[in-house]
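Only one structure is covered here, and it is reproduced in the block below.
The values are calculated or read from the model by the stated rules, or taken from the named source; none is laboratory data. These numbers were taken from a predicted model, which means no experiment stands behind them. Methodologically, a virtual Cβ is constructed for each residue, glycine included, from the backbone with ideal geometry; neighbour enumeration extends over all protein chains shown. The accessibility values were calculated without ligands, DNA or RNA, using every heavy atom of the protein model including side chains. Shrake-Rupley method; radii C 1.70, N 1.55, O 1.52, S 1.80 Å.
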Amino acid sequence: MINRTILLLTRHFKIIVSTIVLIIYIYTLAPTVVQIDSGELAATQYFLGITHPTGYPLFTIIGWLFVHIPFPASKVYLSNLLAAFWTAGGVFYFMALLEILSKKFHTELQKKQLSTKKLRSGLDKHVNNIYHSYWIIITIAVNGFYFAFNKIIWLQSTSVEVYSLHIMLLTGLIYSCFKIMLNQSERSDSFNVKEIISQWWHVPLFLGLGIGNHLSIVFAIPGLVVFYFIVKRFDRNSIFVFLFILLSTLGVATILYLFLIFRAGHGPEFNWGEPSTFSSLLYHIEGKQYSDGFFRSIEATEFNLEAFFRTLPIVFGFAPLVFLPFSLIYLRKVSKTVSVILIILFITNLFLAINYKIYDLMTYFILCYLVMHVLIYQGVVIVGEYLKLFRNGVYIFFIFLFTILIIEVSQNIGVSHRNLYTFEDYSKNLLSSLPENSVIFSSVHHDWEYLTSPLFYFQRVENIRKDIIPINAGLLGMPWYIHQLSKWYPGLFNECKKEVADFEESSKNFDADISDLYKKEVLNLCYKNLLNALINSLIKTHQVYFSYNFVYNEFGDFKIVLSEKHAPIPELFLYKIVKNPTIYSPFPKVKINIRYPEIQSEYIGLIKNSTANILYERATIYERFFKHIERGDSILKLMNSNFPSAEIIHRNPFGN
């Protein structure tokens, strides 16, 4: 009975480990919306809409199906839960990859000799049944945990993100390619279409689905193509199989992206970029609005490269990295082909990623991290083989492995979003503090991460204060966003139709030739006129508010001139636009209730700093100007109790 149980455990260890990982992922899961794209992605999944470029059709379609399962939880929690499943699936495929590489490595070790005689004698003794031994299975399982609790990998499991699905599809693709090609070392002259399709179909499926989810999966293509032709050579069979993979991949990806045209044409609740035609779809897929992020400068590339290596101990922890030298020394002697392919995969990913300027750059190194985890595993095997030569060496080895695992988990536990309600609390507190039909102008600088994106979800999905009109100044520079706002808030642009028309015309002219500096200047001028006209038209009919970042960025950068001597005054979470700033405007009587986790991210810091600075200005400038010293002191107490450790910047918004 015991032997049978052990046999089942060893046979299904990948499922067991992945399930344990999934349980931990669910435990550390975010209960609600978090920073950056979380609110937008959750809302887009719910409405089956179009997300920011490149559109992520697969991510959206599967998410839409999942969140509409009648389960007693919020929609954003279901979106977060799906991310945990995807990432755990990636852990499963990673262990499957290690399993086939173990078989390959140790088959090769039987044929070759390593340089160290003592190590060679030990290998001769143990290698024959090493693949089937329990210690190798345990080693793979522990390395599966290493991969699962890598800081970047773990973080993708905590909330709705495209990278969670990307991890599963990428590891599945690498596993599928290695499984097939490591078993096809001998050239075959047979040509059987049915056999070829049955053997290779899952490779274009993984790759096509991956492209339909996130384009960064193409980082793996150069290495896999080299791998393919090293193994298969150039002949009729290899060319046919290659064309089958290529065309099938393009077919799967094309079907997914054509869905964006179909869906955009039906005017979904979220319709980023309005890719309802082939030209607009191509523009959306290319992500031209982010095009200035590619190959910006040598300085940016050097900064990203330095950041990659500087953060490796943070991402992996120091302990797992100690195994890398052993792997790098011996892997080439074990399997030159595998070592070359791993190096190509690593270098390709590193080169392309460091030439891209984006806030979540570390997630673009996932293939690099995957390769490094494979190398770490091989280093673990080499060290383990050496320690087995000594008395009690196996026990020492496993104590060492599990100690490293405990250290890694304890070091990276800070990625947990289990008690992260800050962004929900901030959004709801802000909305509840505003009068009916208010308008919020927010900035392209940071406001997306903790204001615009969360409000997308809470207003559109949970129907909280839909009367409030949030307008992001950065998105306002895109015609689709103007159309989206017009749909949500009919009549919003009635008083500035001319400025809208001028802006859309200049936008079309600029898109036709983005290198034309004159057209760019015209576009900027039209945008400035539109922003000014919209603000001043809404001041007449709505209570208008500016975010902290809007006041200290767009308000000055675009030289916004408020009509009839209107001016911003610091209120609570925002700056309120009043007609006469010399007449006192009472401080709103609301209670602030924002929960903070023990470990706080930079985005929580943005919430604290922006709100605390507004309250500080209210207390020390506005209230004192009107001789309300006691009220100013009470506001300072409110600031200190609700926004501890905030950074106060001494400046005066009226200076703008």
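Which length gain, in nm to one decimal place, applies between L250 and I16 when the Cα-Cα distance is subtracted from 0.36 nm times their residue separation? Kindly include the intermediate steps, with their values, before the conclusion.
Working: separation 234, 0.36 × 234 = 84.24 nm, distance 3.48 nm.
The span from L250 to I16 would gain 80.8 nm if fully extended.
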10 Å Cβ shell holding at most 15 others, DSSP loop, GluC sites (Glu not before Pro): longest site-free stretch of the chain: 187-435
Quick one: angle between helix 75-111 and the longest Cα principal axis of the chain, in degrees between 0 and 90, rounded to 10, please. 30 degrees
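At R0 = 45 Å, how high is the FRET efficiency between V340 and I413 if r is their beta carbon distance? Nearest 0.05 is fine.
Numbers: r = 37 Å, r/R0 = 0.82.
Here the calculated transfer efficiency is 0.75.
Given the pairs K466/K589; K75/K540; K428/K637; K579/K608; K357/K466, which are separated by over 32 angstrom at their Cα positions?
Details: K466/K589 21 Å; K75/K540 37 Å; K428/K637 22 Å; K579/K608 28 Å; K357/K466 34 Å.
Where the Cα-Cα span goes over 32 Å, the pairs concerned are K75/K540; K357/K466.
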Cα coordinate range in segment 308-348, projected on the principal axes (Å, largest first): 30, 23, 10
By how many nm would the segment from V590 to W135 grow when fully extended, if each residue of separation counts as 0.36 nm and the alpha-carbon distance is taken off? 157.7 nm
Scan around D37 for amide H atoms under 5 Å from its own, H built in the peptide plane at 1.01 Å from N, and keep only partners 5 or more places away or cross-chain. none
Measuring from the longest principal axis of the C-alpha atoms of the chain, the long axis of helix 117-126 (C-alpha) lies at a number of degrees, nearest 10, equal to 80 degrees
Sorting T403, F326, Y134 by the position of each Cα along the dipole of the chain (Lys, Arg +1; Asp, Glu -1; all at Cβ), the one nearest the positive end of that ordering is Y134
With r defined as the distance between the Cβ atoms of R233 and I347 and R0 fixed at 22 Å, what FRET efficiency is calculated, to the nearest 0.05? 0.40
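So what is the orientation-averaged projected area of segment 332-466, using the convex hull of its C-alpha atoms, in nm²?
Details: hull surface 51.8 nm².
That works out to 13.0 nm².
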Just to confirm the number: angle between the C-alpha axis of helix 497-512 and the first principal axis of the chain, 0 to 90 degrees, nearest 10? 30 degrees
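What number comes out for accessible area per residue over the chain if the probe is 1.4 Å? Units Å², please.
Working: 29100 Å² over 656 residues.
Heavy-atom accessible area per residue stands at 44 Å².
Convex hull over the alpha-carbon atoms of segment 409-565: what's its volume per residue in Å³? Don't skip to the end; give the middle numbers.
On the way: hull volume 25.2 nm³, N = 157.
With only Cα atoms used, segment 409-565 gives 161 Å³ per residue.
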Towards the positive end of the charge dipole of segment 400-469, with charges on Cβ (+1 Lys, Arg; -1 Asp, Glu), say which of Y426, Y457, I469 has the farthest Cα. Y457
With N residues in segment 417-470, Rg(alpha-carbon) / (2.2 N^0.38 Å) equals 1.10
Just in segment 149-239: which trypsin sites (Lys or Arg not before Pro) are loop by DSSP and have at most 12 other Cβ atoms within 10 Å? R187, R233
Whichever lysines have a C-alpha closer than 26 Å to that of K104, once near sequence neighbours (fewer than 8 apart) are set aside: K14, K112, K117, K118, K125, K179, K232, K333, K336, K388
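Per the Kirkwood formula on distinct C-alpha pairs, the Rh of segment 315-392 is how many angstrom?
On the way: mean 1/r = 0.0726 Å⁻¹.
For segment 315-392, the Kirkwood estimate is 13.8 Å.
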Determine the calculated [θ] at 222 nm for the chain from helices alone, applying -39500 (n - 2.57) to every DSSP H run no shorter than 4 residues and normalising by the residue count; nearest 500 deg cm²/dmol. -20000 deg cm²/dmol
If Lys and Arg each add +1 and Asp and Glu each add -1, what is the summed charge of the other residues whose beta carbon sits under 13 Å from the beta carbon of I577? +2
Would you grab the residues whose amide H sits under 5 Å from the one on I440? Only those 5+ places off in sequence or on another chain, please, with H modelled 1.01 Å from N. I469, I471, Y545
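Starting from segment 393-469, pick out the trypsin sites (Lys or Arg not before Pro) whose DSSP state is loop and whose Cβ has at most 16 other Cβ atoms within 10 Å.
Working: sites: R418, K428, R460, R465, K466; in loops: R418, R465, K466.
Here the sparse-neighbourhood loop sites are R418, K466.
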Set of aspartates and glutamates with alpha-carbon distance to K520 below 15 Å, sequence-local pairs under 8 removed: D292, D502, E504, E505, D511
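Evaluate the chain: find the radius of gyration of its Cα atoms, find its Kirkwood radius, and give the ratio Rg to Rh. Show your work: numbers first, answer last.
Details: Rg = 28.3 Å, Rh = 27.5 Å.
Computed over Cα atoms, the ratio is 1.03.
What's the Kirkwood radius of segment 529-656 in Å, using all Cα pairs?
Details: mean 1/r = 0.0644 Å⁻¹.
Hydrodynamic radius (Kirkwood, Cα pairs) of segment 529-656 is 15.5 Å.
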Loop trypsin sites (Lys or Arg not before Pro), segment 577-656, which have at most 14 other Cβ atoms in a 10 Å radius of their Cβ (DSSP): K579, K589, K591, R595, K627, R651
When the Karplus curve 6.51 cos²θ - 1.76 cosθ + 1.60 is applied with θ = phi - 60°, which whole-Hz ³J(HN,Hα) does each residue of segment 527-541 get, with x for Gly and Pro? 5, 4, 5, 5, 4, 4, 5, 5, 4, 6, 6, 6, 4, 6, 10
Out of residues 5 or more away from V578 or on other chains, whose amide H comes under 5 Å of its own, with H placed 1.01 Å from N in the peptide plane? A567, I569
